[in-house]
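The next block holds one structure in the form of structure tokens; read it before the comments.
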Amino acid sequence: MAGLSVAHRVALTALLARCPEAALRAVSAAVAPMGGGRAAELRMLIGEETRDRLRRARVLAPLAPMFRPRADGIAAMTFPSHVLPRLWGAAREREPNLLLHLDRDDPSATAVADRFCQAAARVVRDQPDLVWPPDGDETARQAGLADLAACLDLAHLARRGLPSLEIWLKRPDGDQIAELRLLLKDCAGVHVDGAQRVLEMLFAHLQDAVLILRIVTQTSLAAGREGFLSESELAGFVDRLIAGVDVRARKIEAFKPGADLDHVETVIADLNWCAGVLGELDVTLTLNPQSVWGKSVRDARVAIARRLSGLLRAADKAVDEALPLERVQIAGRMTRKAPRLSAPVDGPAVDAALSLLKLVGSSRGPASTFGCEADRKTLVDALTDRLSDHADQTLRMINDGEAEDETHALGLVELVAVCLDHIDAVEPARTVRRRAAVAGAPAKGSEVSSRAA
């Protein structure tokens, strides 16, 4: 069978270059069992693209996370994603004879990777339109090009520091802290703002943004004091984290419980994130309560604590609305409260209760940070008792034949079990479901047979 034409090869090469990693793997898996000359050539093209991406990842590893926005939304130094393949393509063309060295697993490959970064920096300065075509905002593009070139100048130093990143985040000893400070000093020797830029590069490799504080506060003996840090070029990291807390605090205050459980998960994630940032600030920095940072942190803490307390109180009321009680007559004028077996098992009231209970059960950590854990624990204990009692009464009424619609009543019992699941009352929920599995009023025929016997 004839192979691919030149036009086909060019088109397929361009297409494969645009494929995301997952799509490229899927195409590779689909083509692997195919026979014929064209399939063999396509497998070769896929292999070349895969090898090229591995080389690019090795060379540009210090900058790679900077070509996508941070997942947590915190402001950071980033570059457009379309610049990455253009940058690598231009750098690759300048040193084609060195590409094979990148496939080795030895120190020489690192030296070659650093040389490619230097070539990439020259391309950014000499042929900026080739790497980053004009896109309308020329001021932002020029600033981005300057940042990109400077980061490429520092790539060899950032590469040297990346293996120690985990160590610096934990409990580094004196020698390891000295290594960090020497790295920053070397970066400052390359660019006046080299230390800040390399910290931006390390920051891009941290999924948890607040961890940058552990590195920043080790940059000098005085960095743990707010007065020193707020006046330094590293203050921007703290500003961004506090801004992130403010954004999430507003989202938490605006939260309205409802049917969208994904919204609840987002609020829970925001609570955990804010608790983590504020807790880390407490540990790593000595904040002056009257400073701008101190006031911002205090205001955010108060606002979130107030809203969380309000949501805990709302959860208590929401359960009453989702699983209402009604007065029933038992003898003469005597009445008691019993579950309303006609209550719906879904709808707005149920959705609101479930979303709030999900928040109650998932907010143990944040509740401790914001001073609400005692209230949360008391609420969980009270709800566990109330929900278990509601299930007991409903099952008793079912077994006594008082439920007009037994299936619907058992649906209410399952709703109670789901509510218990949401507040992490796992064992009571299991007990409710076990009892519901054997519940049910005896058949009338069996009653007659028992009387006859």
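Of note:
- Once you reduce the range 139-177 and the range 18-39 to the center of their Cα atoms, the two points are 36 Å from each other.
- Neighbour net charge for Asp114 - beta-carbon separation under 12 angstrom, K R +1, D E -1: +2
- Long pairs among Lys170/Lys295; Lys170/Lys251; Lys170/Lys377; Lys295/Lys358; Lys256/Lys377; Lys251/Lys295, criterion Cα-Cα beyond 26 Å: Lys170/Lys295; Lys170/Lys251; Lys170/Lys377; Lys295/Lys358
- Rounded tilt (10° steps) of 21-31 against the dominant C-alpha axis of the chain: 90 degrees
- Counting only Cβ charges, +1 for Lys and Arg and -1 for Asp and Glu, the dipole size of the chain around its Cα centre is about 300 debye.
- If R0 is 51 Å, the Cβ-Cβ spacing of Asp375 and Ser5 corresponds to a FRET efficiency of close to 0.10.
- Rounded to whole Hz, the Karplus (6.51, -1.76, 1.60) HN-Hα couplings of the range 179-189, x for glycine and proline: 4, 4, 5, 5, 4, 5, 5, 5, 5, 5, x
- On the basis of the beta-carbon distance and an R0 of 56 Å, Arg298 and Leu130 show a calculated FRET efficiency of 0.65.
- Computed from Cα atoms, the angle from the helix 138-153 axis to the main principal axis of the chain rounds to 80 degrees.
- Relative packing of 195-201, 269-275, which averages over residues the other C-beta atoms within 10 Å, highest first: 195-201, 269-275
- Taking all protein chains into account, the per residue accessible area for the chain stands at 51 Å² (1.4 Å probe).
- Sequence-separation-based contact order of the chain, relative, with Cα cut under 8 Å and 6+ spacing, percent: 10 percent
- Ordering of 27-34, 290-297 by burial proxy (mean other Cβ atoms within 10 Å per residue, highest first): 290-297, 27-34
- Angle in degrees between helix 194-204 and the longest Cα principal axis of the chain, rounded to the nearest 10: 40 degrees
- Cβ crowding within 10 Å averaged over residues, with 4-10, 64-70 ranked highest first: 64-70, 4-10
- For the range 346-371 and the range 239-258, distance of Cα centres in Å: 17 Å
- Cut-off 17 Å (backbone N to label point 7 Å along Cα→Cβ of Leu100), residues of the range 49-71: 51-52, 55
- Between the labelled values [x] 27.4; [y] 22.9; [z] 21.9, the entry that holds Kirkwood radius over Cα pairs in Å as derived from this structure is [x].
- For the pair Ala17 and Asp262, the difference between a 0.36 nm per residue extended length and the Cα-Cα distance amounts to 84.7 nm.
- Rounded to the nearest 0.05, the FRET efficiency derived from the C-beta distance between Ser368 and Val426 at R0 = 25 Å is 0.75.
- Estimated vicinal HN-Hα couplings, Hz - the range 263-272 in sequence order (Karplus 6.51, -1.76, 1.60; Gly, Pro = x): 5, 5, 4, 5, 5, 4, 4, 5, 4, 5
The values are calculated or read from the model by the stated rules, or taken from the named source; none is laboratory data. As the structure is a computational prediction, the values presented were derived from the model and not from experiment. Ideal geometry is used to build each Cβ from the backbone, glycine not excepted, and the neighbour counts take in all protein chains shown. Areas reflect the complete protein model, heavy atoms only, side chains present, ligands, DNA and RNA absent. Shrake-Rupley method; radii C 1.70, N 1.55, O 1.52, S 1.80 Å.
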